[in-house]
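The values are calculated or read from the model by the stated rules, or taken from the named source; none is laboratory data. It should be emphasised that the depicted structure is a prediction, and the values quoted were computed from it without experimental measurement. Cβ placement follows ideal geometry from the backbone for every residue including glycine, while neighbour counts extend to all protein chains displayed.
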Amino acid sequence: MTSPSASLDAVLARVDAALDQSRERLFALLRIPSISAQPAHAEDCRRAAESIRDDLVGLGFTASLRPTEGHPVVLAHHAGPPGYTGPHILFYGHYDVQPVDPVELWASPPFDPQLVDGPRGKRFVARGAVDDKGQAMMFIEAMRAWKDATGAIPAKITVLIEGEEEIGSVNLEPFLKSAKDELHADLALISDTGMWDVDTPAVTTRLRGMAYVELTLHAARRDLHSGLFGGSALNPINALTRVLGDLKDEEGRIQIPGFYDNVAMVTNAQAAEWDAMGFDERAFLDGIGLRVPAGERGLPALQRLWARPTADINGVWGGYAGPGAKTVIAAEASAKVSFRLVPGQDPRR
């Protein structure tokens, strides 16, 4: 019988030997513009799901696309090698990606994957390369290497890859309930989180949740000329930006009534552990061209990043935004706002 260490050495050698082919399979998936938020890309989302399904079928999985009220879920099962008695592993990922706007700020086309120089060598650049197609394909290619090097995928595995993570997974919970008999597992592995730094992997043990809203403020029945109506008619852009500006006070605390009800501070022991990690917030911000920390004043960086709720304006629009001048008082103004939530907060409330 081959020892586990010898098998692992063979698998890692296979990963290195097949790296070019693995990269091309990833690049083929990255070329599909599976933007779940935009109805025009619904067929692209389905193509991405079909691509992943076909990869899993090729590895010996029983795999299918499962319909939802939105984009389909890829669900696949592998029984493991003959006589397997170990844990059943459930792997989760998602094939959908965020919109790419503003596309003119991309150094290369977002769906034309590139291999470029990064801070520690080569890196992949494309929409979805790190969220989450890269991670999903990393798991699939790892299983491929095990099968090619040893003849078998070494565990009982269920793979669930959804297509709506970037829009709140609104149809995932109903699907999980409908398919619960197929999803019993001993552990769930999710690879859609960060690393401590570019050289140090991390096991994530806690995540903030999210509530996302779009709000529109309506005023007059039509757009107005500011020379005729300015000074009397409400400008909804002025009103909305004033409301949004009041989301936080000067100390960075969110001003929605009751927002912090039931939000607990981290324990002293947890705070001491995080302080001992030596996180360099200046270097963290410097890497994205910033210098001054934001968030709740007086709290350490890791508490603000990992354990405190947030409110962020993700988009604002209304009126005229084209070249030149147009002195319009818009009839309405809109904004998208997201909240990262922590234990004790109810997104519905």
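Which of the strands (runs of 3 or more DSSP E) contained wholly in region 111-228 include at least 3 residues that are modelled with pLDDT of 95 or more?
156-162, 209-218
Could you say which residue among Leu244, Leu234 is of a type outside the set (S, T, N, Q), outside any strand (DSSP E or B) and more than 25 Å from the chain's Cα centre (by Cα)?
Leu234
Here is a check on your reading of the model: is Ala107 under 18 Å from the mean Cα position of the chain (by Cα), within 24 Å of Gly194 (Cα to Cα) and among the hydrophobic types (A, V, I, L, M, F, W, C)?
no
Residue by residue, here is whether (1) surrounded by 14 or more Cβ atoms within 10 Å (Cβ to Cβ); (2) farther than 25 Å from Asp197 by Cα holds:
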residue: Pro87; (1), (2): no, yes
residue: Phe91; (1), (2): yes, no
residue: Pro102; (1), (2): no, yes
residue: Asp112; (1), (2): no, yes
residue: Gly118; (1), (2): no, no
residue: Asp132; (1), (2): yes, no
residue: Gln135; (1), (2): yes, no
residue: Lys147; (1), (2): yes, yes
residue: Ala155; (1), (2): yes, yes
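All but one of (1) without any contact (Cβ under 8 Å) to a residue 60 or more places away in the chain; (2) not in a helix (DSSP H, G or I) hold for Glu69; which doesn't?
Failing condition for Glu69: (1).
Check Thr62, Thr68 and return the single one that is surrounded by fewer than 16 Cβ atoms within 10 Å (Cβ to Cβ) and in the same structural domain as Ala129 (by TED's automatic domain parsing).
Thr62
State whether one or more residues within region 15-23 are assigned by TED's automatic domain parsing to the domain that holds Tyr95, at pLDDT 95 or above and within 30 Å of Tyr212 (Cα to Cα).
The answer is no, given that none of the residues of region 15-23 is assigned by TED's automatic domain parsing to the domain that holds Tyr95, at pLDDT 95 or above and within 30 Å of Tyr212 (Cα to Cα).
In region 191-236, which residues are loosely packed, with under 14 Cβ neighbours inside 10 Å, more than 30 Å from Leu285 (Cα to Cα) and of a type in the set (D, E, K, R)?
Result: Arg221, Arg222.
Of the residues Ala330, Ala321, Ala301, Ala311, which single one is surrounded by fewer than 16 Cβ atoms within 10 Å (Cβ to Cβ) and either in contact with a Ser or Thr (Cβ under 8 Å, 6 or more places away or on another chain) or small (Gly, Ala, Ser) (or both)?
Ala321
Which of the residues that make up region 84-135 are touching an Asp or Glu at 6+ places or on another chain (Cβ under 9 Å) and hydroxyl-bearing (Ser, Thr, Tyr)?
Correct list: Tyr92, Tyr95.
Is it fair to say Glu273 is in a helix (DSSP H, G or I), on the phi < 0 side of the Ramachandran plot and surrounded by 11 or more Cβ atoms within 10 Å (Cβ to Cβ)?
So Glu273 fits the description; yes.
Tell me, please, whether a residue that is touching a residue at least 60 places away in the same chain (Cβ under 8 Å), surrounded by fewer than 16 Cβ atoms within 10 Å (Cβ to Cβ) and not in a strand (DSSP E or B) can be found in region 40-54.
Within region 40-54, none of the residues are touching a residue at least 60 places away in the same chain (Cβ under 8 Å), surrounded by fewer than 16 Cβ atoms within 10 Å (Cβ to Cβ) and not in a strand (DSSP E or B).
Could you please find all residues in region 210-233 being within 30 Å of Asp346 (Cα to Cα) and out of contact with any helix residue (DSSP H, G or I) (no Cβ under 6 Å at 6 or more places or on another chain)?
Met210, Ala211, Tyr212, Val213, Glu214, Leu215, Thr216, His218
Taking the criterion of being β-branched (Val, Ile, Thr) and not in a loop (DSSP other than H, G, I, E, B), would at least one residue in region 292-306 satisfy it?
Scanning region 292-306, I find no residue that is β-branched (Val, Ile, Thr) and not in a loop (DSSP other than H, G, I, E, B), so the answer is no.
Quick check, is Gly168 out of contact with any helix residue (DSSP H, G or I) (no Cβ under 7 Å at 6 or more places or on another chain), surrounded by fewer than 17 Cβ atoms within 10 Å (Cβ to Cβ) and either touching a residue at least 40 places away in the same chain (Cβ under 8 Å) or within 23 Å of Ala202 (Cβ to Cβ) (or both)?
yes
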